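Shown next, in structure tokens, is the structure this report addresses.
What follows draws every value from the coordinates through simple rules; no lab data is involved. All of these numbers come straight from a predicted model, not from anything done at the bench. Ideal geometry is used to build each Cβ from the backbone, glycine not excepted, and the neighbour counts take in all protein chains shown.
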Amino acid sequence: MAETMLKHPETKNYVGGKFLSTAGKRTMEVITPLTGDVISNVILSGKEELDQAVAAAKAAFPGWSSTPIKERVQVFFRYKTLLERELKNLAALVREENGKILDEAIAEVEKSIELTEFACSMPQLVSGELLEVSKGVECRIEHKPLGVVASIAPFNFPHMVPHWTIPNALALGNCMILKPSELVPVSSQRIAEMLKEAGLPDGVFNIVNGDREIVEAMCDHPEIQAVSFVGSTKVAKIVYQRATANLKRCTALGGAKNHLIVMPDAHPEMTATNVAASMSGCAGQRCMAASAMVAVGEIDDMVRRICDESKKIVPGKNLGSVISRAAKERIERYINEAEKAGAKVLVDGRNCVVEGHESGYYVGPTVIDYVTPDMAIAKEEVFGPVLAIIRAKNLDEALSIENNSNYGNAASVFTQSGGVARQVMERASAGMIGVNVGVPVPREPFSFGGWNESKFGVNDITGKSSIEFWTMLKKTTIKWNPESRTNWMS
């Protein structure tokens, strides 16, 4: 399809402050899942394009890293203002390329604003340390940037997830190459334009679009010092192994199978609305979604309430699309297999068609009861608006089910008992815990990151923890006065 017929211009690489022509390169169509229409096309870059971006970032690094941090963050104060000004337009773009409902897209951009705001506080967080360790002898610690770094982002949050890395890494003095998902590359184009408008020097931020080939090239490139990744566990493992084998730092976030433990004493209305919203928000395409509910004891009335709340969620109105036809088929296959294995579908979102958007990719909210822990839908990440209910006799059995998951992103408990809540907080095998919260995402300055096969690497990707990932420590010992008493410390 000719570029002039598309709603958005061809999605190009952004290198050294310029969008580069993609003539003669491999491209693929960018499809909006709302309607199934082609809205753009995107270059699929190779090593040559990555080399160009690395060269631009490397050239920009000396000037940017030597700029005082209080001056660097002024760019992000201005950028935050631009994000606030363009919030609705940015949200509309997120909705178009990802399929979210507008309110969810607005919330995504608002989170990007919060992440940028946190980066503006970096001068206070990395001011360093100074201590007189012996008479006349001082030791100091400073955070120094790594150099050229890379960030590989997923399709489910085309605006927010890039902001998990861009503001912090750049404010700390690094130069970055972003590889957005080839399914949702358009939002990143606006990010680049707005950073330039905010005064970011050319070459500090670059975009290289592509697929598996460019991800592998980032892991291999000798001039890239660190790689962050967000996506499936299968790919996160590969990226982590390949990047670290090439002696790079790597934090790779993978998938999830988040368990919501619902106790008989849980507040009925709050629990039902939270569980349904957690299961269906962003069409279930988030690594913090409630995908498995462990129902403890006599809880049939709560299950009915959750079904009632789920039926209020209508595709095309307050439920967005899933990302692709393949995703829709995969999600429905999980439901079919669970039903054949003996689970009971209480709310059925299969074969969903939205009037006026008949070619869009929609799955309705789905609640499946009497799922057993050995079923695929209980163990694997479905990434759709599907809630699998697993029955447990008591809290110990519920925690055993949660602990046996390979993943460890999030776990929540719904209860009015402080003692029960404390047990879950202490015994759940997950990096992010909620009490009466369906989506326990930490707010800044607290960091985002799971355990087990939901994260590979040491540091979290956001918050204060990210400072250690994006910087290295320089330790300096200083002595000027030769007349000072000398001991083993000096």
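Couple of notes before you dig in:
- For the range 139-247, alpha-carbon Rg over 2.2 N^0.38 Å: 1.07
- Relative to one another, the C-alpha centroids of the range 118-149 and the range 331-387 are positioned 51 Å apart.
- When the pairs 47/196; 80/317; 7/196; 344/393; 7/317; 70/464 are compared against a 28 Å limit on Cα-Cα distance, 80/317 fall above it.
- With θ taken as phi - 60° and the Karplus curve 6.51 cos²θ - 1.76 cosθ + 1.60 applied, the whole-hertz 3J(HN,Hα) list for the range 269-274 is 5, 4, 5, 4, 5, 5 Hz, x standing for glycine and proline.
- Gyration tensor verdict on the range 400-445 (Cα atoms; rounded if a/c is under 1.5, prolate if a/b is larger than b/c, oblate otherwise): oblate
- DSSP-loop chymotrypsin sites (Phe, Trp or Tyr not before Pro) across the range 68-110, with at most 10 other Cβ within 10 angstrom: none
- Dividing the summed helix terms, -39500 (n - 2.57) for each DSSP H run of n ≥ 4, by the number of residues in the chain produces a 222 nm estimate of -11500 deg cm²/dmol to the nearest 500.
- Relative contact order of the chain, defined on C-alpha pairs under 8 angstrom at six or more residues apart (%): 18
- DSSP loop GluC sites (Glu not before Pro) with at most 10 other Cβ within 10 Å excluded, longest remaining stretch of the chain: 1-297
- Looking at the range 366-419, the trypsin sites (Lys or Arg not before Pro) that sit in a DSSP loop and have at most 15 other Cβ atoms within 10 Å of their own Cβ are 393.
- Backbone N within the range 439-472 under 19 Å of label point (7 Å from residue 121 Cα along the Cβ vector): 441-449, 460-471
- Neighbour-count order for 179, 234, fewest beta carbons within 10 angstrom listed first: 234, 179
- By definition, a body whose alpha carbon gyration tensor gives a ≥ b ≥ c is oblate when a/c is 1.5 or more and a/b is not larger than b/c, and the chain fits this oblate description.
- Loop-resident sites, the range 126-227, for trypsin sites (Lys or Arg not before Pro), counting at most 10 other Cβ within 10 Å (DSSP): none
- Near the amide H of residue 250, within less than 5 Å, lie the amide hydrogens of 227, all on another chain or at least 5 residues away, with H placed in the peptide plane.
- Shape of the range 258-435, Cα gyration tensor, a/c cut at 1.5: prolate
- With Cα atoms, 0 to 90° folded angle of helix 102-119 axis to the chain main axis: 30
- Over all projection directions, the Cα-based convex hull of the range 362-401 averages an area of 3.1 nm².
- The length gained on full extension between residue 89 and residue 339, counted as 0.36 nm times the residue separation minus their Cα-Cα distance, comes to 85.8 nm.
- Projected label points at residue 138 and residue 193, each 7 Å from Cα along the beta carbon direction, are separated by 4.8 nanometres.
- For the range 258-435, share of DSSP beta bridges that run antiparallel, in % to the nearest 5: 15
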